[in-house]
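Structure first, then comments.
The values are calculated or read from the model by the stated rules, or taken from the named source; none is laboratory data. Predicted, not measured: the structure shown is a model, and the values here were computed from it. Quick reminder, even Gly has a Cβ in these numbers, built from the backbone with ideal geometry, and neighbours come from all protein chains shown.
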Amino acid sequence: MPLIGHAVPLVRDRLAFLQDLRRHGPIVRFSVGPKTVTAINSPDLLQEMLTTKSRHFSKGLLFEKLKLFGNDALPVAEGSRHLTRRRLLQPAFHHQQIDHYIRTMYTTVDPMIAAWRSTGPLDLKTEMQLMTQNVVMAALFSTTPDRETGHAILKSVDTLFAAALRRALLPLPLLERLPTPGNRRARRAGRVMRAAVGQIIADHLAHPDAHDDIVSLLLSARDQDGTPLADEDILSEVTGLLAAGSETTAVTLTWLFHELGRNPDLERRLHDEVDAVLTDEPLTTQSLTRLTFTRRLVNESLRMYSPAWLVTRQATEPVRLADVDLRVGEDIVWSPYTLHRDPALYPDPLRFDPDRWLPERPQPPKGAFLPFGAGKRQCMGNEFALAEATLITALIASRWRLRPVPGPAVRPIGAITLHPSALHMTAQARTPGRRHEEAA
């Protein structure tokens with residue numbers, strides 16, 4: 001349409017609009033107001049853009065707006081700053097650290113899962129968000145908030161994410177500075193986040209020998225000239241990790257149990273595996289590797305309901321993809337959600353089928369499954385997230401059957417992550433053959 005371009009269908013149904021773009025080819029240009037945006041649909045071109053030609057691109061508009069969480073935190077940092085921070089934080093996510101985190105994950109979430117017996121219908125997304133938020137805080141920051149504080153942090157994260165997405169989809173910088181209700185909510189949410197994270201940092205400063213975690217790592221880090229990180233940098237990194245580390249895993253788990261509620265045969269297979277694998281021995285990385293069906297459920301949830309449904313990039317210099325020349329400053333988007341539902345890449349893509357990930361089944365081509373991105377910007381917490389999702393799925397299944405509450409049909413909503421329109425479920429206790437209890 002004149003002046004506004006494709007803004008109406010994009011706002012009306014973002015997911016359907018992006019899905020429809022795939023039928024127009026591997027590279028498609030559309031407009032939002034005066035701005036032209038280029039969508040990349042081809043797995044080959046995505047792999048090229050994210051790996052061999054990644055130096056030609058910055059993270060783009062969405063990540064620029066996510067600086068609401070911290071101006072130069074690792075998830076939004078660029079260039080040499082990103083490389084320096086990634087090298088600093090990478091050891092905390094090394095696979096050898098996962099065993100240590102698994103014990104913390106267990107002691108954090110098991111009481112939360114057990115407490116469901118005294119509740120009514122669960123708002124499943126909120127429960128999963130609180131659970132994964134507590135895991136990040138306990139494992140990486142050595143702190144676990146009470147439920148009221150956890151809710152306040154969670155509400156602030158949701159508010160800032162919503163503001164970032166709104167500003168990215170309809171970029172009107174002037175409006176971002178006006179005292180609108182949305183801007184006031186975002187500023188209040190930012191203050192709550194800074195206060196919560198500031199308290200964590202203050203506790204570490206007051207007890208410097210009591211912790212060995214990411215906050216300690218940041219406080220002890222030094223630049224090449226021996227200068228410690230600025231207070232604002234530490235605050236930004238902790239805030240960014242808290243926001244990025246909880247939301248995506250939470251919605252993955254929410255979708256997983258939604259599908260189990262619709263597929264009793266899959267739920268039965270999960271219960272059989274959990275009852276056979278979880279014993280009286282403490283959970284370890286090794287025991288999680290035996291939960292092969294559970295892991296396939298996680299993978300299929302990541303495929304069908306990819307949390308990061310929209311990813312942006314921006315060309316920082318002229319670059320060519322296929323036969324298309326991209327200009328400096330050109331805004332680029334790609335959608336793992338539509339990529340993972342392409343029938344040319346996945347047979348029967350709208351069917352939730354964890355067995356498509358069996359090793360003997362044909363696997364999607366390289367670049368066709370990107371739940372954590374690829375290349376130098378690939379999420380470095382991917383092993384942490386996969387272990388967390390597998391563990392939480394198994395622990396819930398060892399205690400409960402989650403049953404959907406009658407209501408409106410559940411629809412995917414493309415907010416900052418892909419979440420259900422509403423999902424309430426009741427927890428019915430089950431008595432497995434064997435149930436894991438933490439060893440004394």
Of the conditions (1) surrounded by 13 or more Cβ atoms within 10 Å (Cβ to Cβ); (2) of a type outside the set (K, R); (3) modelled with pLDDT under 95; (4) more than 25 Å from L321 (Cβ to Cβ), F372 clears all except one; give me its number.
(4)
Within the range 107-138, tally of residues that are without any contact (Cβ under 8 Å) to a residue 60 or more places away in the chain and assigned to a loop (DSSP other than H, G, I, E, B)
0
Exactly one of V238, V215 is among the hydrophobic types (A, V, I, L, M, F, W, C), within 25 Å of L83 (Cβ to Cβ), touching a His at 6+ places or on another chain (Cβ under 8 Å) and part of a helix (DSSP H, G or I), and that one is V215
Keeping to the range 43-55, report how many residues are out of contact with any Gly (no Cβ under 7 Å at 6 or more places or on another chain) and surrounded by fewer than 18 Cβ atoms within 10 Å (Cβ to Cβ).
3
Condition check: assigned to a loop (DSSP other than H, G, I, E, B) and farther than 27 Å from I40 by Cα. Does T254 satisfy that?
no
If you go through the range 199-219 one residue at a time, do you hit one that is out of contact with any Lys or Arg (no Cβ under 6 Å at 6 or more places or on another chain), at pLDDT 95 or above and among the polar types (S, T, N, Q)?
no
Inter-residue pairs, beta-carbon under 6 Å, first small (G, A, S) and in the range 209-224, second part of a loop (DSSP other than H, G, I, E, B), 6+ apart:
A221/L229
For the range 241-293, what are the residues that are acidic (D, E), in contact with a Leu (Cβ under 8 Å, 6 or more places away or on another chain) and under 20 Å from H419 (Cα atoms)?
E259
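Name the residue, out of L402, L391, L395, that is in contact with an Asp or Glu (Cβ under 8 Å, 6 or more places away or on another chain) and modelled with pLDDT of 90 or more. Spell out how you get there, then give the answer.
Details: L402 fails: in contact with an Asp or Glu (Cβ under 8 Å, 6 or more places away or on another chain); L391 fails: in contact with an Asp or Glu (Cβ under 8 Å, 6 or more places away or on another chain).
On inspection, the qualifying residue turns out to be L395.
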Inspect all residues belonging to the range 221-232 and state whether any of them is among the β-branched types (V, I, T), over 23 Å from E383 (Cα atoms) and outside any helix (DSSP H, G or I).
yes
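What is the residue count in the range 252-272 for residues that are free of Cβ contacts under 8 Å to residues at least 24 places away in the same chain and of a type in the set (D, E)?
Qualifying residue count for the region: 2.
Go through the residues of the range 23-42 one by one and say whether even a single one is in a helix (DSSP H, G or I), surrounded by 13 or more Cβ atoms within 10 Å (Cβ to Cβ) and either modelled with pLDDT under 95 or not charged (D, E, K, R) (or both).
Just the residues of the range 23-42 that are in a helix (DSSP H, G or I), to begin with: 23-24.
Next cut, surrounded by 13 or more Cβ atoms within 10 Å (Cβ to Cβ) only: none.
Scanning the range 23-42 turns up no residue that is in a helix (DSSP H, G or I), surrounded by 13 or more Cβ atoms within 10 Å (Cβ to Cβ) and either modelled with pLDDT under 95 or not charged (D, E, K, R) (or both).
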Output the residues belonging to the range 183-201 that are farther than 15 Å from P145 by Cα and of a type in the set (G, A, S).
A186, A189, G190
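In the set V157, V135, which member is over 26 Å from A210 (Cα atoms), of a type in the set (V, I, T) and buried (at least 22 other Cβ atoms within 10 Å of the Cβ)? Explain how you work it out, then say what you get.
Details: V135 fails: over 26 Å from A210 (Cα atoms).
Checking each option against the conditions leaves just V157.
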Report, by residue number, each residue of the range 139-150 that is in a helix (DSSP H, G or I) and closer than 22 Å to A385 by Cβ.
A139, L140, F141, G150
Quick check on the range 174-190. Is at least one of its residues crowded, with 19+ Cβ neighbours inside 10 Å and either over 24 Å from H419 (Cβ atoms) or of a type in the set (K, R) (or both)?
no
If you take the residues in the range 14-53 that are without any contact (Cβ under 8 Å) to a residue 24 or more places away in the chain and touching a Leu at 6+ places or on another chain (Cβ under 7 Å), which one is nearest to A308 (Cα to Cα)?
F17
With the condition kept exactly as written, say whether any residue in the range 409-417 is loosely packed, with under 14 Cβ neighbours inside 10 Å, at pLDDT below 95 and within 25 Å of Y101 (Cα to Cα).
no
The range 374-406: number of residues that are out of contact with any strand residue (DSSP E or B) (no Cβ under 7 Å at 6 or more places or on another chain) and not in a helix (DSSP H, G or I):
6
In the list M128, M49, M105, M112, which residue meets the criterion of being touching a Ser or Thr at 6+ places or on another chain (Cβ under 6 Å), at pLDDT 85 or above and aliphatic (A, V, I, L, M)?
M128
Matching residues, the range 277-293, being within 24 Å of the chain's Cα centre (by Cα), within 13 Å of S398 (Cα to Cα) and not in a loop (DSSP other than H, G, I, E, B):
none
Any residue in the range 384-405 that is under 22 Å from the mean Cα position of the chain (by Cα), surrounded by fewer than 20 Cβ atoms within 10 Å (Cβ to Cβ) and aliphatic (A, V, I, L, M)?
no
Condition test on R356, is it in contact with a Leu (Cβ under 7 Å, 6 or more places away or on another chain) and either under 16 Å from G60 (Cβ atoms) or among the charged types (D, E, K, R) (or both)?
no
